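Remarks on the structure that follows.
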Amino acid sequence: MPQPRAAQPALPQTAPNDRQSNRQPDNARTAAPTGGQAGAQAGNQDRVSDILRADQPAADVLIVGAGPVGIRAAQELVQKGRSVTVLSTEVVTPYNRVRLTPLLGGDVQFSDISLLEQEETELPYALHYGQRVVRIDPDFKHVVTAAGTVWPYQTLILATGSDAFVPRIAGRETPGVYTFRTADDASALIARSFSARHVAVIGGGLLGLEAARGMRQRQCKVTVIEHETHLMPRQLDRVAGAQLSKNIEELGVTVRTGVAVREILGETRVTGLMLSDGMRVDCDTVIICTGVRPNIQLARAARLHIGAGITVDDRMQTSDPSIYAVGECAEHRGQLFGLVGPGYAQAQVAAQVIAGQEAVFEGTAPTTKLKVIGAEVFSVGEIEQLEVQPNVRSHVWHEGDLYRRIFIDRGRIVGALAVGKWDQASRVQDAVQQGATVYPWMLFRFRRQGLIWPVSDDAADEMPDSAPLCNCTGVTCGQVRGAMAQGCATPAEISAQTGAGTVCGTCVPLLAEMIDAGAQPAPMPLWKPVLALSAIAGLAALLPILLGYVPLPTSYDPDSLRVWLWQDNIVKQYSGFILLGLTLMAFAIGLRKRFRFMDRLGGFDGWRLVHIGIGLATLAGLFAHTGFNLGSGWNLALAVFFIGAILIGSVAGLATGADHELRARRIGSARKPPRKMPTWLHILALWPLPVLILFHVLASYAF
Ligand SMILES: Cc1cc2nc3c(=O)[nH]c(=O)nc-3n(C[C@H](O)[C@H](O)[C@H](O)COP(=O)(O)OP(=O)(O)OC[C@H]3O[C@@H](n4cnc5c(N)ncnc54)[C@H](O)[C@@H]3O)c2cc1C
């Protein structure tokens, strides 16, 4: 473990394991990166003295930034047996930034949003508070903090995240103006909410709406001002934005779109906002939520390649092979990710690469799936760009408060958005990530019903293993199923094992649905008689194959039952019509589902049992009519379909009766029950029967 030494004036330095002292802010001296010639000289002297002072063994992996992604990188690396030191500029326990909104709204306490999985004294990595890194020396592999403490490293990970971006609006320094990015911001806003009456939120993006929600929950009057034409312009189109505005206004938040804030009014305290359309909004508190800017100053000063963020390759490596960047500060293939899910994926990749494993981050389509002030919002893909691309066609479904739109490029789905609940959202997200093909009939269904797949195919247990269940942590349905197979039976147990649902919590209902779907199913009513009758029917249907037919007597014997049954025309007609009647009765179960009035004739479980009984009786009827002498030509075809339908029906009956046992052995699932396939085959085999029976009857009378 590295033992840093502080420059003058020296902070009391203790071993990193002394958590008490680790909390001391390291801000006794402000050392900024130098510039110009004099600066360069001073810089060189600094570097030499830094090297002399850095006489401790270098950290195996040093992480700058203790946000969610930095901490995730530390956890991943420790699991891979690496020794890790994390430097945090903040002096509070690392926390889950995503959950600042429920903290602001009063739904959770600070202790609930901690990122630490253990007591601080038991952490498997060294965590140092108040360590604001102000310089990286890539040549001599160390970083220097504001207090002059030198931290050597072998591998460095930059996880410095972003800061709130405050545009140059006149009056932005006035008391009563806030941002919403850190725990300190949240604390300041909570304190302010006790005296605030009217809060104006500048910015109608995700963060602005989150801030609005928090302050509204604290009983403040809230107005959101968005200079684009609609809310969440990066994630939603105009109609969806308008729908969201409507939903939000119903909750008592005023929304103004299409106007910019020209000035924040007030001398010693905020009194209002002056808008670009000349209107004034009276307010005593302003929250600026106009986006974030990645923290790239350290990387720039260290001459790492930068763009809008710190440029990284697919292995999360910067232009210096010993330095990695992950999370909101990293720019991958020209893209910045303002969400925590991709950051976690990057942390995992960086940890794997550092541990000597092969791993690449291939990027993800930007995805938002959240409850924004009680309204569910879903967006995947670069919506703003897709809207203007000439080769991309979009399809819309709108009904009441529900709005859905999908974007198709040459038959493949490339983006989607929705306001209001959409059960298929996770599957759509997966389809966009995979660039799945959407066929014309799927588009037809979408335009009519707002569903890409039939509803029964969209249950939690039907989602492919690759479908993301939790966007924040990147946990897929497959991983959740894996946890369930290992015995996790509650959302809390699955969260503890996989991390799913631990960040924003939006996916917890889906998690519960998956558990329900995978739970030990209860046996269906009457399952034992269903099993028994189906088994008997199956065996009976095999008799003509196993035993063959009953031969006719070679000489005439008027007392012979065989002669009476199979050679007397009248008896044959009777047995034939009885068989036809039984067959029609067996068909009646199909009508039972279609005609509601038939509900009065008993529950479906009873009908099913009777249906199987009739199936068995038709076999007896067939025997009485033919002695299993199946004939040839059309007669043979009729008999084959007849017996085949009963045989498959008996398999369907067995699968139905044993449904709970089969599903417990993970054969089939609640939405894809084991009986589904044989039942459909049974129905399919019945289709030719009416025509074949008609032929048979006509032929019998004609000849
Ligand atoms: C209110 C709110 C709600 C959000 N909701 C969602 C959501 O629902 N879903 C979602 O996916 N995302 C959401 N986000 C975004 C999400 O929080 C970020 O994507 C995530 O925090 C990025 O993690 P990070 O570790 O890369 O950066 P950060 O969380 O910004 O952490 C970076 C850390 O590095 C530290 N640091 C910076 N510079 C230095 C330095 N020089 N020396 C030492 N330390 C330094 C910072 O102090 C900070 O602690 C939300 C954000 C906010 C603010």
(message) Please go through region 290-345 and give me each residue that is among the charged types (D, E, K, R) and in a loop (DSSP other than H, G, I, E, B), ordered by number.
(response) Arg303, Asp313, Asp314, Arg315, Asp320, Arg333
(request) Scan Thr101, Thr121 and give me the residue that is of a type in the set (S, T, N, Q), in contact (Cβ under 8 Å) with a residue 60 or more places away in the chain and within 9 Å of the ligand (Cβ to nearest atom). (result) Thr101
(message) I'd like the residue in region 214-260 that is among the basic types (Lys, Arg) and more than 20 Å from Leu273 (Cα to Cα) and, out of all such residues, is least open to solvent (accessible area, probe 1.4 Å).
(response) Arg218
(request) State the number of residues belonging to region 124-136 that are within 14 Å of the ligand (Cβ to nearest atom) and either open to solvent by less than 50 Å² (accessible area, probe 1.4 Å) or at pLDDT below 90 (or both). (result) 9
(request) Please go through region 489-515 and pick out each residue that is part of a loop (DSSP other than H, G, I, E, B) and either within 16 Å of the ligand (Cβ to nearest atom) or under 24 Å from Asn96 (Cα atoms) (or both). (result) Thr490, Gly499, Ala500, Gly501, Thr502, Val503, Cys504, Gly505, Thr506, Cys507
(request) Go through (1) under 20 Å from Val78 (Cα atoms); (2) surrounded by fewer than 23 Cβ atoms within 10 Å (Cβ to Cβ); (3) more than 13 Å from the ligand (Cβ to nearest atom) and name the single condition Val349 misses. (result) (2)
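Quick grid of which residues meet (1) within 15 Å of the ligand (Cβ to nearest atom); (2) among the β-branched types (Val, Ile, Thr):
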position: Ser83; (1), (2): no, no
position: Ser88; (1), (2): yes, no
position: Asn96; (1), (2): yes, no
position: Val108; (1), (2): yes, yes
position: Leu116; (1), (2): yes, no
(message) Criterion first (touching a residue at least 12 places away in the same chain (Cβ under 8 Å) and assigned to a strand (DSSP E or B)) does Ile136 satisfy it?
(response) yes
(request) Might you let me know whether region 678-695 holds any residue that is in the same structural domain as Tyr574 (by TED's automatic domain parsing) and outside any helix (DSSP H, G or I)? (result) yes
(message) I'd like the full set of residues that are within 16 Å of the ligand (Cβ to nearest atom) and not in a loop (DSSP other than H, G, I, E, B), limited to region 210-230.
(response) Glu210, Ala211, Ala212, Arg213, Gly214, Met215, Arg216, Gln217, Val222, Val224
(request) Please identify the pairs in which a residue from region 65-92 that is farther than 22 Å from Thr502 by Cα has its Cβ atom under 7 Å from the Cβ atom of a residue that is open to solvent by 40 Å² or more (accessible area, probe 1.4 Å) and within 6 Å of the ligand (Cβ to nearest atom), counting only partners at least 6 apart or on another chain. (result) Thr89/Arg132
(message) Condition check: crowded, with 17+ Cβ neighbours inside 10 Å, of a type outside the set (Asp, Glu) and either in contact (Cβ under 8 Å) with a residue 24 or more places away in the chain or in a strand (DSSP E or B) (or both). Does Val360 satisfy that?
(response) no
(message) Please count how many residues of region 288-309 are among the hydrophobic types (A, V, I, L, M, F, W, C) and either in contact with a Lys or Arg (Cβ under 6 Å, 6 or more places away or on another chain) or within 11 Å of the ligand (Cβ to nearest atom) (or both).
(response) 7
(request) Any residue in region 560-572 that's under 20 Å from Val697 (Cα atoms): show its pairings with residues that are not hydrophobic (A, V, I, L, M, F, W, C) at Cβ separation under 8 Å, as long as the two are six or more apart or on different chains. (result) Leu565/Lys572; Leu565/Ser575; Leu565/Gly627; Trp566/Lys572; Trp566/Thr626; Trp566/Gly627; Trp566/Asn629; Lys572/His625
(message) What are the pairs with Cβ atoms under 9 angstrom where one residue, in region 319-330, is on the phi > 0 side of the Ramachandran plot and the other, located anywhere, is more than 8 Å from the ligand (Cβ to nearest atom) and hydrophobic (A, V, I, L, M, F, W, C)? Sequence gap at least six, or different chains.
(response) Gly327/Ala73; Gly327/Leu158; Gly327/Ala347
(message) On the basis of being away from the ligand (no atom under 16 Å from the Cβ), buried (at least 16 other Cβ atoms within 10 Å of the Cβ) and in contact (Cβ under 8 Å) with a residue 24 or more places away in the chain, does His395 make the cut?
(response) yes
(request) Output yes when any residue across region 105-114 is open to solvent by less than 10 Å² (accessible area, probe 1.4 Å) and of a type in the set (S, T, N, Q), and no when none is. (result) no
(message) Filter region 138-150 down to the residues that are more than 9 Å from the ligand (Cβ to nearest atom) and crowded, with 20+ Cβ neighbours inside 10 Å and list them by number.
(response) Lys141, His142, Val144, Ala147, Gly148, Thr149, Val150
(message) Suppose the filter is surrounded by 14 or more Cβ atoms within 10 Å (Cβ to Cβ) and either of a type in the set (A, V, I, L, M, F, W, C) or in contact with a Pro (Cβ under 6 Å, 6 or more places away or on another chain) (or both); does Leu543 pass it?
(response) yes
(message) Return the residues of region 167-195 that are of a type outside the set (Phe, Trp, Tyr), open to solvent by 60 Å² or more (accessible area, probe 1.4 Å) and either within 16 Å of the ligand (Cβ to nearest atom) or not in a helix (DSSP H, G or I) (or both); say none if nothing qualifies.
(response) Arg168, Arg172, Glu173, Pro175, Asp184, Ser187, Ser195
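The values are calculated or read from the model by the stated rules, or taken from the named source; none is laboratory data. Worth saying up front: this structure is predicted, and the values here are computed from it rather than measured. As a convention, Cβ positions derive from the backbone with ideal geometry for all residues, glycine included, and neighbour counts pool all protein chains shown. Surface accessibility is based on the protein's heavy atoms, side chains included, excluding ligands, DNA and RNA. Shrake-Rupley method; radii C 1.70, N 1.55, O 1.52, S 1.80 Å.
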